[in-house]
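The values are calculated or read from the model by the stated rules, or taken from the named source; none is laboratory data. These numbers were taken from a predicted model, which means no experiment stands behind them. Using ideal geometry, Cβ is built from the backbone for each residue, glycine included, and neighbour counts are taken over all protein chains shown. When the accessible area is computed, the model is the full protein with side chains, heavy atoms only, and any ligands, DNA or RNA have been set aside. Shrake-Rupley method; radii C 1.70, N 1.55, O 1.52, S 1.80 Å.
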Amino acid sequence: EQGAAEGAPFIARHIIQTTTHAFDDFAQGGADRELNKKIMGIA
């Protein structure tokens, strides 16, 4: 009980908040191949 009473507040203070989106959500947007070619100078 002693460890839990001391440990629980410590853990609560150090929990990392999660985001509402995955880190790779941007990848679902698709690619504009023509724009990419223009940017790379091959269009």
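For the chain, the longest principal axis of the alpha carbon atoms and the long axis of helix 2-14 meet at an angle near 20°.
Of (i) 11.7, 33; (ii) 14.4, 50; (iii) 23.0, 69, which is the value of Rg and Dmax of the Cα atoms in Å derived from the coordinates here? Answer label, from the structure shown: (iii). Which of the chymotrypsin sites (Phe, Trp or Tyr not before Pro) across the chain are loop residues per DSSP, with 15 or fewer other Cβ within 10 Å? Sparse-neighbourhood loop chymotrypsin sites (Phe, Trp or Tyr not before Pro): Phe23. Dipole magnitude for the chain: computed about the Cα centre from +1 point charges on Lys and Arg Cβ and -1 point charges on Asp and Glu Cβ, it is near 340 debye. For the chain, the solvent-accessible area works out to 104 Å² per residue, with a probe of 1.4 Å and every protein chain left in place.
Extension gain for Ala4-His21 works out to 2.9 nm (0.36 nm per residue, less the C-alpha to C-alpha distance). Of the solvent-accessible surface of the chain, computed with a 1.4 Å probe over protein heavy atoms with every protein chain present, carbon and sulfur atoms account for 59 percent.
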